[in-house]
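The values are calculated or read from the model by the stated rules, or taken from the named source; none is laboratory data. Worth saying up front: this structure is predicted, and the values here are computed from it rather than measured. All Cβ positions, even for glycine, are placed from backbone atoms using ideal geometry, and neighbour counts span all protein chains on display.
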Ligand SMILES: [Zn+2]
């Protein structure tokens, strides 16, 4: 029987299995993502794009309004913005995400997702037959999902601008809460 992931919209053969704590994906989709991650963990040629895989999968499963998921969508969208629009190297992304999580922890805004989150899903990545194909698929996937999120571009850009100066600060709430600006 066919089933559709409520997050990314990919279609899978139905199976049982675990899901993530708060992403809101189907068990089938979670399993496919696990297979993609396994390839990246096992082979450095796949590992090159791991950063993008994690960011893209997270923001393609944004429907759960759990506080942790709201934070996840915000910071992983910011990662895509920094990588795809500002051409920031991958190694600059973890400190950026840490700074946002540490400083805005309880104040992330729910970003209403677009109705369509792009035509490319984790299934397309799983279909790659070599490391170069895998890397190309992940880049295409990330660009497609980021383009789908373009209605929220301004909010993400603002989050980036407010976070950048905070890199390196840890657990210090020195800035005005994000929601106070609404
Ligand atoms: Zn999915």
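When you go through 18, 6 one by one, which is the residue that is free of Cβ contacts under 8 Å to residues at least 40 places away in the same chain and over 24 Å from residue 135 (Cα atoms)? If you could, list the steps in order and put the result at the bottom.
Values: 6 fails: free of Cβ contacts under 8 Å to residues at least 40 places away in the same chain.
Only one candidate passes the filter, namely 18.
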Open item on the list: Can you pull out every residue in region 17-33 that is part of a loop (DSSP other than H, G, I, E, B) and either within 12 Å of the ligand (Cβ to nearest atom) or at pLDDT 95 or above (or both)?
Closed with: 19, 20, 23, 24, 25, 26
Task: Some residue of region 139-161 being at pLDDT below 95 and part of a loop (DSSP other than H, G, I, E, B) - done: no
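For residue 94, are the conditions met, namely being surrounded by fewer than 16 Cβ atoms within 10 Å (Cβ to Cβ), within 15 Å of the chain's Cα centre (by Cα), on the phi < 0 side of the Ramachandran plot and assigned to a helix (DSSP H, G or I)?
yes
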Task: Residue identified as more than 16 Å from the ligand (Cβ to nearest atom) and modelled with pLDDT under 90 among 65, 112 - done: 65
Open item on the list: I'm trying to understand the selection: among the residues of region 133-171, which are without any contact (Cβ under 8 Å) to a residue 24 or more places away in the chain and closer than 19 Å to residue 48 by Cβ?
Closed with: 133, 136, 137, 140
Task: Positions within region 1-16 being over 19 Å from the mean Cα position of the chain (by Cα) and within 13 Å of the ligand (Cβ to nearest atom), in sequence order - done: 3, 4, 11, 12
